[in-house]
Each structure stands twice: as C-alpha cells, then as structure tokens.
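Notes follow the structure.
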Amino acid sequence: MSVRNVQRGYSGRGGFTLIEALIASIIVGLGITALLMASKSGTQVNANAREITHAVNLGQEVREWTLKLPFLDPETPDNSPGPDGAEDPQTFVDDLDDLKTVTYSPPRDANGQAISDMTGWSQQITLSWRQQNSISQTVSDGASEIIYVEVVISYEGQSVLTTGWLVTKRE
C-alpha cells in the first residue's frame, strides 16, 4: 500500500478578518449613536412638555382670576375701562377691566397673588370688548358686556402659550 501524503486543509476559520471587525465596530457605533440621540430627544421632549404644562397652569390661574372678578368697578361702575391706579404692573385689581393691558412677572395665581417661585415666567393679559351679535368683531372699550381675555404665557422671554376666553357681565 502506498502511503499518500495527503495535505489536509483547514476548512474552518480561526477568527474575524480585519474587515469584519471594522464592519462590526461601525454597526455597534451607529447603534450607540442612535441610542444617545433618542435619549437626548426624549429629554428635550420632557423639558418642552414640562414648560407647556406650567404655561397651561398659569393660563388657568388667570382664567379663574378673571372669572371671579366683578365685570365693573364695584365702587364706581361708571368709570372708564382700564386700571384704576398708575402702578405698573397693576397691583390693585378690583374689577376685570383693571387687567386691560398688563404683564405680570412673577406670574399671578387665581387670587391675584404673585407666585414668587416661578422666576422667568410671565403672564401678559390683554382685554378687548366684543360686539354682542358677532363676538369676532371688536368694539370700543366699555361699549359691550362681553370681554375677550387674551393671555400670553412666556418663559425667559419666549412665548410658550397663547390662550383666550370670553367673559360676560353677570347680573
């Protein structure tokens, strides 16, 4: 019998080639980058949601305040619309039209008291009187029993929320 000298080749591979390792590193790097970007995006969304929640609450505080105030000045109901005093911002508010054009920073709560721990926030309040048969039409100040209250809530000078509602004279 002849002995054949058979050279056996190695059919299995012993490890990764340099190109395979490079491709795997790139794929892992892209995955980690995507996770970091998603995390950053989630943090930004949470911060924006927190700002919007604060703004909605501050708008609601003004709404509750305006709905509690008398429509006309209780002491002199025939006085002209607008603030009764010369303070800026208006600190003495005894009827709705005292809030004609005012900005509060720090913002105010539903009782008109300053919320001191909300630095950087402001409430800009604007009133406009509306025509009774067509509330989209404005009329001169005091010429109607319907007032549109517009409030712009801002944080660090940037508007976060603009909202508004109608207030009518109650009997």
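The values are calculated or read from the model by the stated rules, or taken from the named source; none is laboratory data. Keep in mind that what you see is a predicted model, and the values were worked out from it rather than measured. When we count neighbours, we look across all protein chains shown, and the Cβ atoms used for this are built from the backbone with ideal geometry, even at glycine.
Mind listing whichever residues of region 72-124 are touching a residue at least 24 places away in the same chain (Cβ under 8 Å), among the charged types (D, E, K, R) and assigned to a loop (DSSP other than H, G, I, E, B)? Within region 72-124, ASP73, ASP94, ASP95, LYS100, ASP109 meet the criteria.
Which one is modelled with the highest pLDDT, of the residues in region 110-121 that are surrounded by 17 or more Cβ atoms within 10 Å (Cβ to Cβ) and farther than 16 Å from LEU96 by Cβ? Quick ask: steps written out before the conclusion?
Initial filter on region 110-121 (surrounded by 17 or more Cβ atoms within 10 Å (Cβ to Cβ)): 112, 118, 121.
Remaining after also requiring farther than 16 Å from LEU96 by Cβ: 118, 121.
Numbers: MET118: 92, TRP121: 97.
Residue satisfying both the conditions and the ranking: TRP121.
Filter region 55-106 down to the residues that are among the acidic types (Asp, Glu) and surrounded by fewer than 18 Cβ atoms within 10 Å (Cβ to Cβ) and list them by number. Break it down stepwise before answering.
Step one: filter region 55-106 for residues among the acidic types (Asp, Glu), giving 61, 64, 73, 75, 78, 84, 87-88, 94-95, 97-98.
Once the filter is applied, which keeps residues that are among the acidic types (Asp, Glu) and surrounded by fewer than 18 Cβ atoms within 10 Å (Cβ to Cβ), region 55-106 yields GLU64, ASP73, GLU75, ASP78, ASP84, GLU87, ASP88, ASP94.
A quick yes/no check of all residues on (1) modelled with pLDDT of 95 or more; (2) β-branched (Val, Ile, Thr); (3) closer than 14 Å to GLU61 by Cα:
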site	(1), (2), (3)
SER80	no, no, no
PHE92	no, no, no
GLN123	yes, no, yes
GLN132	no, no, no
GLY142	no, no, no
TYR148	yes, no, no
GLY157	no, no, no
LYS169	no, no, no
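On the stretch given as region 130-163, residues that are closer than 24 Å to ASN79 by Cβ, without any contact (Cβ under 8 Å) to a residue 40 or more places away in the chain and in contact with a helix residue (DSSP H, G or I) (Cβ under 9 Å, 6 or more places away or on another chain) total 0. Inside region 138-171, residues that are among the acidic types (Asp, Glu), part of a loop (DSSP other than H, G, I, E, B) and either in contact with a strand residue (DSSP E or B) (Cβ under 9 Å, 6 or more places away or on another chain) or surrounded by 14 or more Cβ atoms within 10 Å (Cβ to Cβ) (or both) make up a count of 3.
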